[in-house]
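A.B. asks: This is the structure I want to talk about, given as structure tokens.
The values are calculated or read from the model by the stated rules, or taken from the named source; none is laboratory data. All of these numbers come straight from a predicted model, not from anything done at the bench. Please note: Cβ atoms are built from the backbone with ideal geometry, for glycine as well, and neighbour counts cover all protein chains shown. Note: areas computed on protein heavy atoms with side chains; ligands, DNA, RNA excluded. Shrake-Rupley method; radii C 1.70, N 1.55, O 1.52, S 1.80 Å.
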Amino acid sequence: MTDGEEHTLADEIVARARIHAREVVGEHELAVDLGALEWEVSARARRRAGVCQWHADREVATIVLARRAYERYEWPAFAGVVRHELVHAWEFQQFGESGHGSRFRERAAALAAPRYCDAFAEPRYVLRCLAGSCDWCAKRHRASKPVKAPDQYRCGGCGGAYEVEHTKSGRTWTTASGYGGAKAALGDDW
């Protein structure tokens, strides 16, 4: 940084993640080429705290971390996300592919990297089964087809009908026209 430049939150996230990555690679002898590892921060991510993308043509892995997760989690939990993505980077660099199979689980366990992370953003929509005996519920951040046209889909638990709730307003609908009506009625508050 030169005089007059300010550090951003993204700079802070990347700096802390890089330091942690160096520590993990050194302490656990994780064969990750840190020189072939790029870092980015997503201001938009709501569902994934992190993702590792492989660019086979350049043999470079890019770890993308969610700003919202960094803001929401305490550092030990966020550091776990970094370790999780480092395991993906290791798999990509060593094997050209990565997943959550036994090789991943074994290495992640050795690094105390979580397999899943807690939600860090409230969902925009909640889908709930209408059958009184079923407690199925699903959360969505985007207006997917099951959100826009719930009458065309079924509950993931019992196969019955479900309703969708717009969490910010509390409005619910069970049909495509209900979705359109709720969206129109809310206008800018949608």
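A.B. asks: Residue pairs, Cβ under 8 Å, 6 or more apart or interchain, first in segment 105-134 and free of Cβ contacts under 8 Å to residues at least 12 places away in the same chain, second assigned to a loop (DSSP other than H, G, I, E, B) and open to solvent by 60 Å² or more (accessible area, probe 1.4 Å). List them.
C.D. replies: Pairs that qualify, where the first residue is free of Cβ contacts under 8 Å to residues at least 12 places away in the same chain and the partner is assigned to a loop (DSSP other than H, G, I, E, B) and open to solvent by 60 Å² or more (accessible area, probe 1.4 Å), are ARG105/ARG115.
A.B. asks: Of all residues in segment 173-190, which are open to solvent by 70 Å² or more (accessible area, probe 1.4 Å) and closer than 12 Å to PRO150 by Cβ?
C.D. replies: SER177
A.B. asks: Can you tell me which residues in segment 99-111 are assigned to a loop (DSSP other than H, G, I, E, B) and modelled with pLDDT of 95 or more? Break it down into steps so the answer makes sense when it comes.
C.D. replies: Taking segment 99-111 and keeping what is assigned to a loop (DSSP other than H, G, I, E, B), we get 99-101, 111.
Passing the criteria: only LEU111.
A.B. asks: Same structure, new question: Quickly run through segment 15-55 and pick out the residues that are farther than 22 Å from SER98 by Cα, open to solvent by less than 60 Å² (accessible area, probe 1.4 Å) and not in a loop (DSSP other than H, G, I, E, B).
C.D. replies: ALA15
A.B. asks: Also, I was wondering about something else. Could you list all residues from segment 135-153 that are in a strand (DSSP E or B) and free of Cβ contacts under 8 Å to residues at least 12 places away in the same chain?
C.D. replies: The one that is in a strand (DSSP E or B) and free of Cβ contacts under 8 Å to residues at least 12 places away in the same chain: CYS137.
A.B. asks: When you scan segment 69-87, how many residues do you find that are charged (D, E, K, R) and open to solvent by 60 Å² or more (accessible area, probe 1.4 Å)?
C.D. replies: Here the count works out to 3.
A.B. asks: Filter segment 128-161 down to the residues that are under 23 Å from TRP190 (Cα atoms), aliphatic (A, V, I, L, M) and at pLDDT 95 or above, then identify the one that is least open to solvent (accessible area, probe 1.4 Å).
C.D. replies: Restricting to residues being under 23 Å from TRP190 (Cα atoms), aliphatic (A, V, I, L, M) and at pLDDT 95 or above, the top hit is VAL147.
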